[in-house]
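The values are calculated or read from the model by the stated rules, or taken from the named source; none is laboratory data. Everything quoted here is computed from the prediction, not taken from an experiment. Positions of Cβ are generated from backbone atoms using ideal geometry, with glycine treated the same way; all protein chains shown enter the neighbour counts.
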Amino acid sequence: MTSPTLLVLAAGMGSRYGGLKQIDPVGPSGEAILDYSVYDAMRAGFGRVVFLIRHSIEEAFRETVGARYQGRIPVDYAFQELEDLPAGFTVPEGRTKPWGTTQAVLCAAGVLGGPFAVINADDFYGAASYRALAGHLQSGTTDFAMVGFVLRKTLSAFGSVARGICEVNGDGLLRTVVEHTKIEPEANGARSVQADGTAVPLSGDELVSMNMWGFTPELFAPLRKDFDRFLKASGNDLKSECYLPNSVNTLVGHGLARVRVLSSPDAWFGVTYREDRESVVARIAELVRGGSYPERLW
């Protein structure tokens, strides 16, 4: 049985957070959130880690993060840059940031040779989430997978967040997932602020994607086509991004993918804004006191 690979998306520079949040210490012995992700993934049966980063942070990342796993789990790197585009496309003048999480996953295609999971570096998903995803990826099914979380448990008190709101059919398969880029908490739920300024009310009980996916290499061919479609439609927009949930939604809608929605009893938490860090530190400390994690991971 092939052990799946964990692909960690860590190319973002944390513009809203105000620093390189991927390697910011939040654990009692200086661990970053992604250290707990790798630790949980190893326990769940993942056999390799690939970090998707930018060349500008490579040296700091290898020295402060990658070195921790030497002798524990094989580590590889892939790189996402603004210029990583399919043939026939060019970067419009004035654009400064890469093209989103769909591009990020495609940038790692060359180093992913089997079933793999995709996660964000700055999200804490919980040990049970990794066990569920590893079990799915090792089952031999051709279905892709997504671990879903409840919206109200994924909001920040310090600003808006982006979440993929999902619909699931009676067989537990993903019907739709639509990325909402500006969701704000409200007293009785939440609201999604649209590009034109209008607000869509949300109950807070919606199932959302937190970019925790399970795929096989069969993803890449249709994903490349969707990225091409995006570039043709929005490639001249200086701020447009091709979000992985929206690409998956397109593949599902065209019958090119089946995505099994997995549930986890663990609570998600993460760092979007610098003010979120204090609560993350407190929650990890609570998990350490409860015996879920050792005082020192490595």
With criteria (1) of a type in the set (Asp, Glu); (2) more than 21 Å from THR250 (Cα to Cα); (3) within 17 Å of the chain's Cα centre (by Cα), GLU179 comes up short on (2)
Those residues of the stretch 118-158 which are in a helix (DSSP H, G or I), within 21 Å of ARG283 (Cα to Cα) and within 15 Å of the chain's Cα centre (by Cα) amount to SER129, TYR130, THR154
Among GLY170, GLY94, the single one that is on the phi > 0 side of the Ramachandran plot and not in a strand (DSSP E or B) is GLY94
Across (1) among the aliphatic types (A, V, I, L, M); (2) outside any helix (DSSP H, G or I); (3) surrounded by fewer than 16 Cβ atoms within 10 Å (Cβ to Cβ), VAL208 clears everything bar (3)
Somewhere in the stretch 67-81, is a residue assigned to a loop (DSSP other than H, G, I, E, B) and touching a Pro at 6+ places or on another chain (Cβ under 6 Å)? yes
When (1) out of contact with any helix residue (DSSP H, G or I) (no Cβ under 6 Å at 6 or more places or on another chain); (2) closer than 27 Å to SER264 by Cβ are applied to THR102, the one that fails is (1)
Checked VAL193, VAL200, VAL261 against criteria (in contact with a strand residue (DSSP E or B) (Cβ under 6 Å, 6 or more places away or on another chain) and modelled with pLDDT under 95); the one match is VAL200
Considering the stretch 63-79, residues that are within 20 Å of the chain's Cα centre (by Cα) and not aliphatic (A, V, I, L, M), and then whichever is farthest from PHE116 (Cα to Cα), we arrive at GLY66
Q: State whether the residues of the stretch 233-248 include one that is touching a residue at least 40 places away in the same chain (Cβ under 8 Å), among the hydrophobic types (A, V, I, L, M, F, W, C), surrounded by 22 or more Cβ atoms within 10 Å (Cβ to Cβ) and in a helix (DSSP H, G or I).
A: yes
Condition check: part of a strand (DSSP E or B), at pLDDT below 95 and out of contact with any Asp or Glu (no Cβ under 9 Å at 6 or more places or on another chain). Does PRO185 satisfy that? yes
Taking the stretch 30-56 and the residues there that are modelled with pLDDT under 95 and surrounded by fewer than 20 Cβ atoms within 10 Å (Cβ to Cβ), the one that is nearest to the chain's Cα centre (by Cα) would be ARG54
Given the conditions (1) more than 21 Å from PRO245 (Cβ to Cβ); (2) among the hydroxyl-bearing types (Ser, Thr, Tyr); (3) touching a residue at least 60 places away in the same chain (Cβ under 8 Å), every one holds for THR141 apart from (1)
Restricted to the stretch 255-267 and to residues being more than 18 Å from the chain's Cα centre (by Cα) and touching a residue at least 24 places away in the same chain (Cβ under 8 Å), the residue farthest from SER209 (Cα to Cα) is LEU256
